[in-house]
Amino acid sequence: MSATQAVEAVFRIESARIIAGVARIVRDVAIAEEIAQDALVAALEQWPESGVPDKPGAWLMATAKHRAIDLVRRKETYARKLAEVGRSLEDVPPPTEPAAPDDIDDDLLRLIFTACHPVLATEARIALTLRLMGGLTTQEIARAFLASEPAVAQRIVRAKRALAKADVPFEVPYGADREERLASVLEVIYLIFNEGYSATAGDDLVRPALCEDALRLARVLAALMPEEPEVHGLAALLEFQASRISARTGPDGEPVLLADQNRSKWNRMLIRRGALAMHHAGSGPYSVQAAIAGCHAEAVRYEDTDWATIATLYGRLVELVPSPVVELNRAVAVSMAEGPEAALPLVDALAAEPALRAYHLLPSVRGDLLERLGRREEARAEFERAASLTRNARERALLLGRAARA
C-alpha cells in the first residue's frame, strides 16, 4: 500500500473521531471538518517523504488539534475561548489510538447528537450524519440515495449553516432534551439502514454498504450509551436484519422472498450479536422490532417460524407507535398464524388509509392473501397495481412475475 493509499484509508476510519475532537475545541462542526481536511492534506504532503507514522490516526488527530488551537489563538476572543476548552490544550500530546473500532470517546457522542439535531430536516440529518460519522463522500451519499451530487452538497452546506445559525451547542443533552434528541439519532440510523436494506428506487433491491454504515453507527452508539435500552434495541434489530442480506437476492440481483431464502446463507455471527444486544434491550419500539426479527432469526426453517408470537409482538408495536404500516405487517403475521381468511379483513380495513394510498406493499400483501384463497384474478390485479406503485425495478419485476403466475 502506498503512502497516499494509507492516508486515505486511515482518514476514512478516523475522520469522525478527528472531526469530533476538533469540534470540541472550535465549537463549530463546519470549521472542524475543514480543519480535519487540512490535516489530511498535510498527511498527503508529508507521509510520502517521511513515511507512514507508527500511529497514523494519532498523527492526524494531533495535527488537526494543533491547527484548531492555532485558529483559536488567532481569534480576538482567544482568551475566552481558550478558557472554555482548558489551558491544557496549549500542549496537545498525540492521543492514543483506540484498541478497537468501538473503543471511542465522548466527542463522538457529541458529534452524532449534533449531526442529528432536530433543528435540521430529516434528509439533512441523514446526509450530515453519513458525511461526518460515516466518512462518506458527497458523491457516495448522492449515489446511495439516488440524488444529484450538487443537491446533496447543498443539503450538507445548509445543514452546517443551520447548526451554526441556531448556535447548537456541541454537547450531549440531558433530561427531556436528551430523550428527544436520542429519538432523532435513532431515527436517522434506522432510516439509513432501511434505505440500504430495501432501496426505495433504482435498479438494486439492496445496498449493503449503506446497511454496513448504519450498523456501524448503531454499534458506536451502543458502546457510547450502554445504559440506554432502545439504543441496544436498535443495534439488535439491525444485527438481525443485516444477517439476512446475502440471502435476500439471487445471483442476478433478483429479490428472494423470506419463505424461499437459503437460511444457510444467514450470517450466524450477526445473529449472535443481535441476541447479545437483546439482553440489554428494553420494551420500546426498536426493541420490539428486534424481538420480531429475532423470532425470524431463531427459525431454522421457514415452517418453524413462531408467527403467533410475531403477531402478538406486532400488536404491542401498534400500541407503542400506531401506524398503518405496522398494522399491515401485523396482518401478514396474522395470516401466517391463523390463515389468509383471518387477515384479509384487516388488510381491507387499511385500504382507506391516506398514508397507504401509494404504498405498493398494501396491494402486494392483499394480492398474496387473495392468491392463497384461490381468488387468482383478483390477486393478479393487485400484484399489477403494486408493480405500478413501486419505484424499485427489482421489486417491480418480482410483482409482475407474481401477477403472471397468479
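The values are calculated or read from the model by the stated rules, or taken from the named source; none is laboratory data. All figures in this text were calculated on a predicted structure; none of them were measured in a lab. Positions of Cβ are backbone-derived with ideal geometry, glycine not excepted, and every protein chain shown enters the neighbour counts. Ligands, DNA and RNA are stripped out before the accessible areas are found, and what is left, the full protein with its side chains, is counted by its heavy atoms. Shrake-Rupley method; radii C 1.70, N 1.55, O 1.52, S 1.80 Å.
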In Å, descending, principal axis extents of the Cα set of segment 212-304: 41, 28, 21
Segment 312-406: C-alpha pair distances exceeding 22 Å, %: 27 percent
Estimated [θ] at 222 nm from DSSP helical runs (n ≥ 4, -39500 (n - 2.57)) normalised by residues in the chain, nearest 500: -22000 deg cm²/dmol
FRET E, pair A151, E319, Förster distance 35 Å, beta-carbon r, rounded to 0.05: 0.35
Share of carbon and sulfur in the accessible heavy-atom surface of segment 172-253 [1.4 Å probe, %]: 50 percent
Gain upon complete extension [V119, D70; 0.36 nm per residue less C-alpha separation]: 14.6 nm
Accessible area, probe 1.4 Å, largest first, for residues K165, K160: K165, K160
Rounded to whole Hz, the Karplus (6.51, -1.76, 1.60) HN-Hα couplings of segment 398-406, x for glycine and proline: 4, 5, 5, x, 5, 5, 5, 8, 5
The chain - percent relative contact order, Cα under 8 Å, separation 6 or more: 11 percent
Relative packing of 383-392, 255-264, which averages over residues the other C-beta atoms within 10 Å, highest first: 383-392, 255-264
Rounded to whole Hz, the Karplus (6.51, -1.76, 1.60) HN-Hα couplings of segment 293-304, x for glycine and proline: 4, x, 4, 5, 5, 6, 6, 5, 10, 4, 5, 8
Computed E for T200/A299 - FRET, C-beta separation, R0 25 angstrom, nearest 0.05: 0.35
Segment E341-A9, length gained on full extension (0.36 nm per residue, minus Cα span): 114.0 nm
Accessible surface of segment 6-61 [probe 1.4 Å, protein heavy atoms]: carbon and sulfur percent: 50 percent
Protection proxy ranking, peptides 168-177, 393-402, average beta carbon neighbours within 10 Å, highest first: 393-402, 168-177
Size of electric dipole in the chain: Cβ of Lys, Arg +1 and of Asp, Glu -1, about Cα centre, debye, nearest 20: 520 debye
Computed lengthening from E171 to K265, 0.36 nm per intervening residue step minus Cα-Cα distance: 29.7 nm
For the chain: accessible area per residue (Å², 1.4 Å): 48 Å²
Estimated translational D of segment 146-269 in µm²/s (Stokes, Kirkwood radius over Cα pairs; 4 °C; 1.567 mPa s): 78 µm²/s
Peptides 237-249, 303-315 ordered by average Cβ neighbours within 10 Å, highest first: 237-249, 303-315
